[in-house]
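Where a number appears in this text, it was derived from the coordinates with a stated rule and is not lab data. Note that the structure is a prediction, hence the values are computed from the model and not measured. Note: ideal-geometry Cβ built from the backbone for every residue, glycine included; neighbour counts use all protein chains shown.
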Amino acid sequence: MSRLRQHSVIPGFGLTLGYTLSYLSLIVLIPLSALAVKGAAQPWAQFSEAVFDPRTLAAWRLTFGTALIASLINAFFGLIIAWTLVRYDFPGRRILDALIDVPFALPTAVSGIALTAIYSQNGWMGRWLQPLGIKAAFSPLGIVIALTFIGLPFIVRTVQPAVDDLDPAVEEAASLLGASRLTTLWKVILPALQPALIAGFITAFARALGEYGSVIFISGNMPMKTEIASLLIVTKLEQFDYAGAAAIGLLMLVSSFVLLFLVNAGQWWSTRHLRRVS
Amino acid sequence: MAITSRHRHGEPVWMRNLFIGASVAFVGLLILLPVISVFTEAFRKGFSFYLRSISDPLALSALRLTLITAAVTLAANLVFGLAASWLIAKFSFPGRNVLLSLIDLPFAVSPVISGLVFVLLFGAQGWFGDALSNHGIQIVFAMPGVILATIFVTFPFIARELIPLMQEQGAEEEEAAVLLGANGWQIFRRVTLPNIRWALVYGVVLANARAMGDFGAVSVVSGHIRGRTNTLPLHVEILYNEYNFSAAFAVASLLALLALVTLVAKAALEWRIRAEERTAVMEDVA
């Protein structure tokens, strides 16, 4: 079949190949290589100055730390939500399912100002947290909340199909062999969902690393305290420090490429592995 | 039978209720609350203030730029999506999988970096900065930059919907059309397009939401020139930073409305596409 298509009778191969490659190069490949060249083609001292000075180091720690916490929260609740949506029928299930997509569709600036309004000290949530001594907006906690908001759909939408694909026979077998429902959930179902959960976790984490719009309103943007890496790029650009911005940008780009490569490699491995087993 | 139903919903009732309760509470607090707050904050100073905020000349010029940007972006990415999916689905050639991954690349690039790359190319100190300023052409801090950055962030959306569908449909119908003497345009118009139209609309709807809502990439290239290079999300930011909260939320409510319409359209299209797949399967069986 593939051989047949190679000598296809269908017209348009040259045209679509030429157009696809030129458009891809102009819009994606050349701009990305500009970043790679501008970021990498500077003396090491200058590069490390931009990437590892104390203020940038604090931003890296904050960015990775908040992204990690937000993705862990999402992994926990995302798993429960995906399970609930697939396995249980209850009034409002479809609305709950539709709401999961809101962070995909809502512009990040809108979620940013809305979350800030809710969690600042007079807000719907902030006024309850304030007496407890918890400062949500303009603190790292606020960043975690924003990143949890934007990351949730990535985990739910990755785990949902995996719950759907679970073989009921396996659960029945576990139960017939005398396992309690809790043991089955923990020892049989959770391991089966693990690849999807990890893939969703890494995708949400990668997305959180680069998030900008929803974070900058709620974070307060104090240098050394609540300043994320993306914001540093913007700051450096405003100071016309293109090389510094490119250095930070390149490091961020490489980290997200590595993470997404891991997801793809993991999926490739698990499909191959599963095929061999069955 | 009793066993199957017990195993289908095998958890004890308390656990079931706990899971449902936790899901509803988490999504309600995290996602529903912000959506509601956009609208209550927008109308806090009354309906006439709301109308004045969204009909302000600067808001209208931001709306205009957002609409123009979305239109150009969608047209450009639609043509690309059709070309790329035709190429990948109808022909087999070395490097096809690499091409597929390259098309997905912009999904892995964060918004600020999507804007940064164009500043590095076309900005004052960028690769083509001198050449452009010698000819009096401005890309960054002008409309072309906004459009380019938006094309970049929405690049894979339409192609991504079309490629798997067209791969699944194969090339047999088109091959039959060739044998019957149809030319390339006729094949596309009469055979391929009817088969992919709903997926096409689906991709356009998703790309549109992203194009109109993008903040990070556009914020880097636009320069925030009021009345000229401000899109709706950037206008929201400016109003918010001026402590003009109610006006910021009024404009934001337009974007939130767009998001809700997008979600409804998405659900309707998914239903439609599934229904069509079912009929296709039934026709195959018959």
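Looking at the calculated P(r) for region B:47-285, what percent of the C-alpha pair distances fall above 31 Å? Intermediate values should be presented prior to the final figure.
Numbers: 10107 of 28441 pairs.
Value for region B:47-285: 36 percent of Cα pairs lie more than 31 Å apart.
For region A:62-71, the Karplus equation 6.51 cos²θ - 1.76 cosθ + 1.60, evaluated at θ = phi - 60°, returns couplings of 5, 4, 5, x, 5, 4, 5, 4, 4, 5 Hz by residue, with Gly and Pro reported as x.
Partner shielding of B:88-101 amounts to 3, given as the average count of beta-carbon atoms from other chains within 10 Å of each residue beta-carbon.
Of the residues B:Thr66, B:Thr262, B:Thr154, the one that moves most in a GNM of chain B with alpha-carbon contacts below 10 Å is B:Thr262. In this Cβ point-charge picture (+1 for Lys and Arg, -1 for Asp and Glu), chain A has a dipole of about 280 debye about its Cα centre. If you wrap the tightest convex hull around every Cα atom of the protein assembly as shown and split its volume per residue, you get 189 Å³.
Projecting label points 7 angstrom from Cα along Cα→Cβ for A:Trp128 and B:Arg197 puts them 4.9 nm apart. Once the C-beta distance of B:Phe49 and B:Ala124 is scaled by a Förster radius of 51 Å, the resulting FRET efficiency is 0.80 to the nearest 0.05. Size descriptor for region B:163-286, Kirkwood hydrodynamic radius: 18.0 Å (Cα pairs only, one decimal). Inter-chain Cβ neighbour count for A:148-157, averaged per residue, equals 1 (cutoff 10 Å, partner chain atoms only).
Label zone (A:Ala41, point 7 Å along Cα-to-C-beta; backbone nitrogen cut-off 17 Å) within region B:112-154: B:117-132.
Restricted to Cα atoms, region A:144-232 shows a radius of gyration and a Dmax of 18.8, 59 angstrom.
Taking label positions 7 Å along the Cα-Cβ direction at both A:Leu29 and A:Ala265, the computed distance is 2.4 nm, reported to one decimal. For region A:255-271, putting each phi into the Karplus relation 6.51 cos²θ - 1.76 cosθ + 1.60 with θ = phi - 60° gives couplings of 5, 6, 5, 4, 4, 6, 4, 4, 4, 5, 4, x, 5, 4, 5, 5, 5 Hz, in residue order, rounded to whole numbers and with x for Gly and Pro. Exposure proxy for B:His235, A:His273: other Cβ atoms within 10 Å of each Cβ, ordered fewest to most, give A:His273, B:His235. When the Gaussian network model of chain A links Cα atoms closer than 10 Å, the mean-square fluctuations of A:Leu24, A:Leu185, A:Leu15 top out at A:Leu15.
Give me the orientation-averaged projected area of the Cα convex hull of chain A, in nm², one decimal. The partial results should precede the final answer.
On the way: hull surface 87.6 nm².
So the Cα hull casts an average projection of 21.9 nm².
Add +1 for every Lys or Arg and -1 for every Asp or Glu among the other residues with Cβ under 15 Å from the Cβ of A:Tyr119, and state the total. Intermediate values should be presented prior to the final figure.
Numbers: positive: A:Arg127, A:Lys135; negative: B:Glu41.
Neighbourhood net charge equals +1.
Note that region B:163-169 has calculated 3J(HN,Hα) couplings of 4, x, 5, 5, 5, 5, 6 Hz, one per residue in order, obtained from phi through the Karplus relation 6.51 cos²θ - 1.76 cosθ + 1.60 (θ = phi - 60°); glycine and proline are x. Model label points for B:Ile137 and B:Gln167, set 7 angstrom from Cα along the Cα-to-Cβ axis, are 3.6 nm apart.
Note the full-extension length gain between B:Glu270 and B:Ser92 as 0.36 nm times their separation in residues minus their Cα-Cα distance, in nm to one decimal.
That works out to 61.2 nm of additional length.
Sites listed here are chymotrypsin sites (Phe, Trp or Tyr not before Pro) in region A:80-146 whose DSSP assignment is loop and whose Cβ has at most 10 other Cβ atoms within 10 Å, and the list is empty. Shielding of peptide A:72-82 by partners, expressed as the average count of other chain Cβ atoms within 10 Å per residue Cβ, is 3.
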